[in-house]
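See structure below.
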């Protein structure tokens, strides 16, 4: 697949290189998504300001469950694959959990932690109806602070936007990134 918007080629300006150095692990070239956005400095700066990848109200595992669920639901194999490659092992996501985030749901037996089931249900509600039903909100409110609930909604929205960018621009998959697992129906 060829990207619809050409990414910025190296060499990069000092400010852009500095941003890439902060975002990428040593020895890993900047993502095509970042290089594409860097062609438009104003949009690049706005995007980088809204990432929510800092220490917030959620654990790293909770954040990654949300990001992986949202990007999978949006069909963004690009962003899902990058996050899965960089973070799945770090946050102890199992193969069944990874597959469930793409093809399953909150009731899959791999989800033992009730708060993780709630996160998946919240992602699903926002994805399918752009809302959270009252009963689910009540359950969420017993497990998460107001700050965490706001952060979850912002993460869902931000990664839906990321999915629009990666899918709309038809970004080719990063060579190191994970690929969507086959659906259970296809493996029968």
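Since every read-out is calculated from the coordinates, none of them should be taken as a lab result. Model, not experiment: these values are computed from the prediction. Backbone-built Cβ (ideal geometry, glycine too); neighbour counts: all protein chains shown.
Things worth noting here:
- The C-alpha atoms of the chain define a longest principal axis, and helix 60-73 lies at about 80 degrees to it.
- Efficiency of FRET between residue 21 and residue 59 - r from beta-carbon atoms, R0 35 angstrom, step 0.05: 0.85
- Taking 117, 69, 42 as the candidate residues, the one with maximal mean-square fluctuation in a Gaussian network model of the chain, Cα springs under 10 Å, is 42.
- A crude spin-label estimate for the pair residue 89 and residue 131, with each label 7 Å from Cα along the Cβ direction, gives 4.4 nm.
- Largest first and in whole Å, the equivalent-ellipsoid semi-axes of the chain read 29, 19, 15, each the square root of five times a Cα gyration tensor eigenvalue.
- Gaussian network model of the chain, Cα within-10 Å springs - most flexible of 65, 120, 132: 132
- Fraction of the pair-distance distribution of region 60-168 above 24 Å, Cα-Cα pairs, percent: 16 percent
- Relative contact order for the chain, counting Cα pairs under 8 Å that sit 6 or more residues apart, in percent: 34 percent
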